[in-house]
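> Could you have a look at this structure, given as structure tokens, before my questions?
Where a number appears in this text, it was derived from the coordinates with a stated rule and is not lab data. Source: prediction; values computed, not measured. Reconstructed Cβ throughout: ideal geometry from the backbone, glycine too, with neighbour counts over all protein chains shown.
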Amino acid sequence: MSTTHEVWLVLLIGLVLANLPFVNERLFVLGPRRAPKSLGWRLLEMGAGFGLCVGLGFLLEASIGQRHTQGWAFYVAMGSLFLTFAFPGFVWRYLRRRRRVAGLAADDA
């Protein structure tokens, strides 16, 4: 696999892992169902997803050759990118308008 494909793979996995906490009600996707799951659990899952994504990136980088040491700026930039990737899931979970109950909609007519 070329380095370009590996970069796109890490970005795609980061996008999926960032939105996964917002689209399901299970703890860490496989755990017990918690409906409604609190924002704290979702943030904890996002942190774990961030760690997995960074770990995968390091693993792929090591398979290419020597892994470079990263400073704090790398982690801040990666965290900001991860939060940006999570925005669609956050909007879908918390900011979208809910459908009104059919009985209430009929009363308005």
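> Which ordering of Trp8, Trp41, Trp72 is given by a fewest-first count of other beta-carbon atoms within 10 Å?
Trp72, Trp8, Trp41
> For Asn24, which sequence-distant residues (separation of 5 or more, or a different chain) have an amide H within less than 5 Å of its own amide H, given hydrogens modelled in the peptide plane?
HN-HN under 5 Å from Asn24: empty list.
> Mind putting a number on the dipole of the chain about its Cα centre? Charges go on the C-beta only, +1 for Lys and Arg and -1 for Asp and Glu, and I need it in Debye to the nearest 20.
480
> For Cα extents along the principal axes in Å, pick the label among (1) 37, 29, 21; (2) 67, 28, 27; (3) 38, 30, 18 that corresponds to the value derived from the coordinates.
(2)
> Order by neighbour count: Phe50, Phe87, fewest other Cβ atoms within 10 Å first, most last.
Sorted ascending by nearby Cβ count, the order is Phe87, Phe50.
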